[in-house]
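So the structure is just underneath, and the comments pick up after that.
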Amino acid sequence: MTNHWIDIKNSDCILIMGSNAAENHPVSFKYVTQAMENGATLISVDPRFTRTSAKADIYTSLRSGTDIAFLGGMIKYILDNGRFNQEYISLYTNAPFIVGKSFKFKNGLFSGYEKNAKGPAAGKYDKSKWAFEMDDKGVPRMDRRLKHKRCVFQLLKKHYQRYDLKTVSKITGTAVADLKRVYEAYSTTGTRGKAGTIMYAMGWTQHTTGTQNIRTMSIIQLLLGNMGVAGGGVNALRGESNVQGSTDHCLLWHIWPGYLKTPRASNTTLTAYNEKWTPSSNDPLSANWWQNYPKYSVSLLKSFFGDKAGAANDFGYEWLPKVDDGAVYSWFDLFDAMYKEKIKGFFAWGQNPACSGSNANKIREAMGKLDWMVNVNLFDNETGSFWQGPGMTPGDIKTEVFMLPACVSVEKEGSITNSGRWMQWRYQGPKPMGNSRPDGDIILALGEKIKEVYRDGGVFPEPIANLKWDYTTNGMYDPHKVAREINGYFLKDVTIKGTTYPKGSLVPSFAFLQADGSTSSGNWLYCNSYTEKGNMAARRKHKDAVNQIGLYPEFAWCWPVNRRIIYNRASVDAKGVPWDRRDWVIYFRGNEKDGKYVSKKWLGDVPDGGWYPMQNPDGSWRDDSKYPFIMRKHGHGQIFGPGLADGPFPEHYEPLECPVEKNYLNPQMLNPTAAIYATAADAHATCDPRFPYVATTYRVSEHWQTGLMTRTQSWLMELQPQMFVEMSEELARLKGIQNGQRVMVRSARGQVECSAIVTKRFKPFRIGSLTVHQVGIPWHYGWRWPSNGKEESANLLTPPAGDPNTRIPETKAFMVNVAKR
Amino acid sequence: MDVNRRQFIQISSATAAGLAVGGLGFDLAPVKAHAGMLKTKYAKETTTICCYCAVGCGAIVHTSKRGDGRVLNIEGDPDHVINRGALCSKGASLKQLVENENRLTQPMYRAPYADKWQSVSWDWALERIAERVKKTRDASFIRKNEKGQTVNHTTAIASVGSAAMDNEECWTYQALMRALGLVYIEHQARI
């Protein structure tokens, strides 16, 4: 979330799309309700009438997988009706940037497209074709009047000209009148002083166009001036208590802690690596914050290897693994390699891929090809016990499995980071049950054992031997020691701006980190979380901002540097005056003399850099200010996004499996860069009469993710005892299915037995001349619990395709059939 | 004063009955104060953050200071600024996650081709895992790729997990996996 949970109360219009927040993030509704009591409008857009829809002022449906068409129509509406904030977009976004002549869009393809000879990515773009034009100083050429025919604003207009109400309606199945109501209500937040927010979740990400779904909304938020303001922002409602933290610390193949890049093989030295990934800007008004990259990468290496990392050995850069250029090691690719017997050893640590991965039958089969697996969890699960699951013959499966008992969160101490980026400390209640242990103890003990077996040699033992591993106190894992390492230390006396910070003291914030090895920091984004002032995450003070917008700056801690709303310098106009005089986030209150600002003072939240505003009170421009989008190379919010794999503007493409034979917006059916897997276990079928109904997965309040932590509890199982499929009354009539009857749901990849829920919550769609039915299934079940083995995972049905940027699977739109058993 | 469960219920129902007839002149203050005290006097009180979704609701955990030292109760934390004491159905059931007979409490091992688990010690399990890691890593380790570039990685070991771990655990875990040379490092954020 660019904003945070409590901030939702400040909104004037809340769009919930790609999420069912009332059901899956129930406490968030405390703030949705508060906003509504203050006059906000709540809009729910979902294929199904959900618990969120039941609370909404406006509800409408769309067919799964058509969000870009729906939102593209909103962009056109905003542009056609002049609802955008002209001052905001011309100064803070790249709307005025001039795009080079080689940028084209034709037949559903952007310029620079090339089909791939072999998968999984269907094709790729030469992104240099989408580059901005630069002036002779190397600064992007701009037309702040937004008139130039190749400026981003004009190109945006041209691109979405095609997204008229009738065309959109034909794709999404939404009535034209409903589209207009939603567009009208939401676009009023473009008015100065009004804020609109988006609450989305996996309903937007789990598509072959997932990243672009969110990009489309980001464009809308920039056009309406909703970024950086209270009650605005782009807010991903993340589904796991620490998925924000685990992402920040980068348990992901492509990034190092703090969103640094995993080095490529071509980054042969630390210098080459830093040069490659440190952006440079020639614009004196661009903060280009990532210019500090080498300070963060070197400090990270110091945290990895401590005293063993020095300038003489590139701070141990060589010891860390490099990925091959162009190769992808994502979830899908990992299990594809496992299925092809290229992976021998596997850690499933606090995760249940046998139920959570798309096309889970392939994953279960792949696990039988391993030599060994380590499964760490609170409960026995479908992953650790895969060898005795449905259709498996234990006597044929060689995989050796170690199943290690982790303890529950209340039995240990440490921090987690919520969706609003708040890092919060938890304390130990009871001791770990039985022989279970905190994950931290297991990780440290395993590390010790591995260090032991390498003491007598082995292949390239240096990184293992030199890994700094001193995080115990009295032989036990000590989360405070790690938390301090993540924050970072001064490793010698360092003098900065006249103040000397002694060796061994904690670094106050990432602005103090150094690239010469004199500081460490396990994650620069968390530098400021555990300082000489103490453990910031453990704070509990209730003092709010003066205008009561719910910032609570001394309750817990949030990254970066306790900034509660990021991009907040876009919440003020060029003179530093908030767009919204009541729910302001920051306010410039420096002294003024002869129409000029002469001293710096910002009130409110921690500003995105404390520079002067861009303009003086007399309207003259300052040369010591910076643009507000400080993490972007050119300092501007990106309406045109030239870095993405599938194009600088979002375009509607159909899901891999869909019910229509034509894309009404362009001749491409599928995203031309989507990743599609192709082993014998990766079947898919589009517009196939065997699988005529659209399906989507979702969650219920009473269960969580694969259900492992909730299927094992009697109270929650009493509330939601079994796998079900929701369908419309019309579809049930067509198939002769009664409410409550057990039915089979089948896709090209598998089948799952479900109880039918026949409901008014689903209605058939009119798509062109077709009637399209959609069904929905929760993904919380698995054969291990309940122990009758009959309730299975929805992911046995989901498809083998993912988004080209992230490779997140398309589990929100695929095709199935439903039949009586 | 020792209060067993039966007496506790009697006091609680007396409180409920007392509330119902509150206008009749009973002084309920001592009874209510006693009922409130029971939860805390014989229990350690700690705060936690719910382990399910990412709203980050606060909860209060009461752990018995006597007997088995287990959790007596978990409820919403009224002093937490996000949830102000409220919890959803999952959060309100947190106690059942902790005090749950289905939990794993012992390391288990399944040998190749075996049809059952066997209980093992931590040392036994960790030593064997370390040996397996070394064997697989050493047999598969790539110092240089086909282009002759240094890669120092193994693609024969993979890891998934975990958004269920604390920040400090996530950091430590990724450090270990990267030191081993793994490039297949993924978790819930990807799906």
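For segment A:352-438, give the share of DSSP beta bridges that are antiparallel, in percent and rounded to the nearest 5; count only bridges with both residues there.
The answer is about 35 percent antiparallel.
Between B:R84 and A:N116, what is the label-to-label distance in nm when each label sits 7 Å out along the Cα-to-Cβ direction?
The answer from the label model is 5.0 nm.
Quick one: which residues, 5 or more positions from B:V183 or on another chain, have an amide H under 5 Å from its amide H? H modelled 1.01 Å from N in the peptide plane, none for Pro or chain starts.
For B:V183, whose amide H was placed from the backbone, the distant partners under 5 Å are B:T154.
Taking a threshold of 29 Å on the Cα-Cα distance, which of the pairs A:K481/B:K90; A:K369/A:K481; A:K170/A:K812; A:K261/A:K398; A:K170/A:K735; A:K147/A:K600 fall above it?
From the list (A:K481/B:K90; A:K369/A:K481; A:K170/A:K812; A:K261/A:K398; A:K170/A:K735; A:K147/A:K600), the Cα-Cα distance tops 29 Å for A:K481/B:K90; A:K369/A:K481; A:K261/A:K398; A:K147/A:K600.
If you rank A:K541, A:K55 by fewest surrounding Cβ atoms within 10 Å, what's the result?
A:K541, A:K55
Taking all pairs of distinct Cα atoms, average 1/r, flip it, and tell me the Kirkwood hydrodynamic radius of segment A:2-100 in Å to one decimal place.
One over the average 1/r among Cα pairs gives 15.3 Å for segment A:2-100.
Label points 7 Å out from Cα along the Cβ direction at A:D688 and A:V328: separation in nm?
With each label placed 7 Å out from Cα toward Cβ, I get 2.2 nm.
Within a 10 angstrom radius of each residue's Cβ in A:701-713, how many Cβ atoms of other chains show up on average? Whole number is fine.
What the average comes to for A:701-713 is 4.
Just for the Cα atoms in segment B:64-112, what are the lengths along the principal axes, largest first, rounded to whole Å?
Extents along the principal axes: 50, 30, 15 Å.
Please give the Cα centre distance for segment A:410-461 versus segment B:150-191, rounded to the nearest Å.
Segment A:410-461 and segment B:150-191 have Cα centres separated by 13 Å.
Specify whether the C-alpha gyration tensor of segment A:680-821 places it in the rounded, prolate or oblate class, a ≥ b ≥ c being the square roots of the eigenvalues: rounded for a/c under 1.5, otherwise prolate if a/b is larger than b/c and oblate if not.
oblate
Please give the Cα centre distance for segment A:200-248 versus segment A:512-588, rounded to the nearest Å.
Going from one Cα centre to the other spans 20 Å.
Over the whole of B:145-153, what's the average partner chain Cβ count within 10 Å per residue? Rounded to a whole number, please.
6
Could you list A:E114, B:E75 so that the one with the fewest beta carbons within 10 Å of its beta carbon is first and the one with the most is last?
A:E114, B:E75
Given points 7 Å out from each Cα along the Cα-Cβ axis, report the A:K101 to A:N313 separation in nanometres with one decimal.
Going from the A:K101 label point to the A:N313 one covers 5.5 nm.
Shielding of A:555-562 by partners, i.e. mean partner chain Cβ atoms within 10 Å per residue?
Partner-chain Cβ atoms within 10 Å, mean over residues of A:555-562: 1.
Using only DSSP helix segments of four residues or longer, with each worth -39500 (n - 2.57), what per-residue ellipticity at 222 nm results for chain A after dividing by its residue count and rounding to 500?
Rounded to the nearest 500, the figure is -6000 deg cm²/dmol.
Quick check for me: using +1 on Lys/Arg Cβ and -1 on Asp/Glu Cβ, what's the dipole size of the protein assembly as shown about its Cα centre, in debye to the nearest 20?
Dipole magnitude for the protein assembly as shown comes out near 1560 debye.
Kindly put A:F70, A:F49, A:F640 in sequence by how many other C-beta atoms sit within 10 Å of each C-beta, fewest to most.
A:F49, A:F640, A:F70
Which order do the peptides A:710-721, A:434-445, A:273-284 take when ranked by the mean count of other beta-carbon atoms within 10 Å per residue, highest first?
Ranking the peptides A:710-721, A:434-445, A:273-284 by packing returns A:434-445, A:710-721, A:273-284.
Mind jotting down the distance between the C-alpha centroids of segment A:86-163 and segment A:681-748, whole Å?
Cα centres, segment A:681-748 to segment A:86-163: 42 Å.
With viscosity set to 0.890 mPa s and temperature to 25 °C, compute the Stokes-Einstein D of segment A:239-365, Rh being the Kirkwood radius across alpha carbon pairs; µm²/s, no decimals.
Once the numbers are plugged in, D ends up at 143 µm²/s.
Which value results when the Cα radius of gyration for the protein assembly as shown is divided by 2.2 N^0.38 Å?
Relative to the rule-of-thumb radius for its length, the protein assembly as shown sits at 0.92.
Based on C-alpha coordinates, I'd like the Rg and Dmax of segment A:545-686, in Å.
23.0, 75
What FRET efficiency do you get for B:Y113 and B:K135 if R0 is 25 Å and r is their Cβ-Cβ distance, rounded to the nearest 0.05?
0.85
Run the numbers for A:D136 and A:A54: contour at 0.36 nm per residue of separation, minus the present Cα-Cα distance, in nm.
Stretched fully, the A:D136-A:A54 segment lengthens by 23.9 nm.
Give a residue-ordered list of calculated ³J(HN,Hα) values for segment A:304-317 (Karplus: 6.51 cos²θ - 1.76 cosθ + 1.60, θ = phi - 60°; whole Hz; x for Gly, Pro).
5, 10, x, 5, 6, 9, x, 4, 5, 10, 6, 6, x, 3
Quick one: work out the % antiparallel among DSSP beta bridges in segment A:676-808, nearest 5.
Counting DSSP beta bridges with both partners in segment A:676-808, the antiparallel share is about 50 percent.
None of the figures in this text is laboratory data; all of them are computed from the coordinates on show. Being a predicted model, the structure only gives us computed values, none of them experimental. Neighbour counts run over all protein chains shown; Cβ positions are idealised from the backbone, glycine included.
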